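Input: a single structure, listed below in structure tokens.
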Amino acid sequence: ACQKPPPSPAPSPPPSLSPSPPRPSTPPVTPSGPRAPAGFVDLAAVDASIRTDIRYATAHNFVGRPITGYPEPLCLLTRQAAEALHRVQTAALAQGRSLKVYDCYRPQRAVDDFVAWAKLPGEQQMKGEFYPDEPKDRLFADGYIGAPTAHSRGSTLDLTLVSVPAPDQPAYVPGQRLVPCTAPAGRRFPDNSVDMGTGFDCFDPRANTADSRVTRAARDNRELLKRLMTAQGFENYPREWWHYRYTAEPYPGTYFDFPVARSSLR
Ligand SMILES: C[C@@H](N)C(=O)N[C@H](C)C(=O)O
Ligand SMILES: [Zn+2]
């Protein structure tokens, strides 16, 4: 249907002699928070076959609640690291395994949350699983958590291998009975990871990549992950079997603070 043309604008009133009131300035732009530089991507857009289990967006982590800066369970990385990881995944799939990521880019505000939590003498509800034999006030000093951390530079991640097809993994229910991450695979939290000798974020010397106390099968699995990752330019942190840095990282000196959210990407 035809629409009536809008009425023509009313003639302007004669200019007033009194000084005009100050014109409202352009409305302030509401800051939408920091955003990622153009080179950051959602790993799922580069390789949808890599599994995700983003623990800091959930309560199943060493703090016991979602961490500041993780509104969405995403793996954000620099494009270079994500594409290298896609090459690792191709090699892993050829061996009947898939990658599963636990943490990727980590905003500085998340690190600040860890630091503030570590200063509190209480809040140890997850000790029984994640740091059964490590005093809470030693977690940073003993190198299990970094501040600052390479994760904030966008090319470092925590990951494991799972079989293909991956077994189901039961949901973690807050308050459930915790089992030390150092217990044998059949007793600790039933992560669908292949047996790596400890659980993820197990702050204990048994999580050192070369620790000789874990079973031969677990050592083989750690070594397979290390071979696959090293072949594509990643370097392992010897204290944690799950932690890898892409050595050709594009932002070796920049610690980002945008949230882990789709809206952070350009
Ligand atoms: C906290 C753990 N997932 C980790 O990434 N540790 C290293 C040391 C880090 O925080 O950089
Ligand atoms: Zn890590």
Name every residue in the stretch 107-131 that is part of a helix (DSSP H, G or I) and of a type in the set (A, V, I, L, M, F, W, C), in order of residue number. A110, V111, F114, V115, A116, W117, A118, F130
Would you check if there is a residue in the stretch 147-161 being assigned to a loop (DSSP other than H, G, I, E, B), more than 15 Å from C104 (Cα to Cα) and not hydrophobic (A, V, I, L, M, F, W, C)? no
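Every residue, every condition in (1) loosely packed, with under 15 Cβ neighbours inside 10 Å; (2) of a type in the set (D, E); (3) within 15 Å of ligand 1 (Cβ to nearest atom), yes or no:
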site	(1), (2), (3)
P165	yes, no, no
D168	yes, yes, no
M196	no, no, yes
D201	no, yes, yes
A207	no, no, yes
T215	yes, no, no
E223	yes, yes, no
R227	yes, no, no
Residue within the stretch 176-193 that is within 16 Å of ligand 1 (Cβ to nearest atom) and acidic (D, E) present: yes
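Suppose we filter A36, A81, A92 for residues that are modelled with pLDDT of 95 or more, surrounded by 13 or more Cβ atoms within 10 Å (Cβ to Cβ) and not in a helix (DSSP H, G or I); which single one remains? Reasoning before the result, please.
Details: A81 fails: not in a helix (DSSP H, G or I); A92 fails: not in a helix (DSSP H, G or I).
Result: A36 is the single residue among A36, A81, A92 that is modelled with pLDDT of 95 or more, surrounded by 13 or more Cβ atoms within 10 Å (Cβ to Cβ) and not in a helix (DSSP H, G or I).
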For the stretch 130-163, name all the residues that are more than 30 Å from P252 (Cβ to Cβ) and either away from ligand 1 (no atom under 14 Å from the Cβ) or in contact with a strand residue (DSSP E or B) (Cβ under 7 Å, 6 or more places away or on another chain) (or both). P132, D133, P135, D137, V162, S163
The stretch 229-241, residues that are away from ligand 1 (no atom under 15 Å from the Cβ) and touching a Lys or Arg at 6+ places or on another chain (Cβ under 8 Å): Q232
Taking G143 as the residue in question, decide whether it is within 14 Å of ligand 2 (Cβ to nearest atom) and surrounded by fewer than 17 Cβ atoms within 10 Å (Cβ to Cβ). yes
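Can you tell me which of Y172, Y246 is among the aromatic types (F, W, Y), within 22 Å of T52 (Cβ to Cβ) and within 15 Å of ligand 1 (Cβ to nearest atom)? Give the steps one after another, and end with the answer.
Working: Y172 fails: within 15 Å of ligand 1 (Cβ to nearest atom).
Going through Y172, Y246 in turn, just one is among the aromatic types (F, W, Y), within 22 Å of T52 (Cβ to Cβ) and within 15 Å of ligand 1 (Cβ to nearest atom): Y246.
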How do the pairs read when you match residues in the stretch 90-116 that are closer than 19 Å to W242 by Cα and away from ligand 2 (no atom under 16 Å from the Cβ) with residues anywhere that are in a loop (DSSP other than H, G, I, E, B) and of a type in the set (F, W, Y), using Cβ under 7 Å and keeping only pairs 6 or more apart or on different chains? none
Note: among Y131, Y237, just one is under 30 Å from S264 (Cα atoms) and within 16 Å of ligand 2 (Cβ to nearest atom), namely Y237
Sort through T182, T209, T215 and tell me the only one that's β-branched (V, I, T), at pLDDT 95 or above and within 16 Å of ligand 2 (Cβ to nearest atom). T209
Those residues that are of a type in the set (K, R) and part of a helix (DSSP H, G or I), I need them from the stretch 43-58; list them, please. R55
Among the residues of the stretch 199-230, write down those that are under 24 Å from F40 (Cβ atoms) and part of a loop (DSSP other than H, G, I, E, B). F200, D201
Residue pairs, Cβ under 8 Å, 6 or more apart or interchain, first in the stretch 234-261 and in contact (Cβ under 8 Å) with a residue 12 or more places away in the chain and of a type in the set (D, E, K, R), second more than 14 Å from ligand 2 (Cβ to nearest atom) and in a strand (DSSP E or B). List them. E249/T78
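The values are calculated or read from the model by the stated rules, or taken from the named source; none is laboratory data. On a predicted model such as this, the values are computed, not experimentally measured, just so you know. Glycine also receives a Cβ, built like all others from the backbone with ideal geometry; neighbour counts cover every protein chain displayed.
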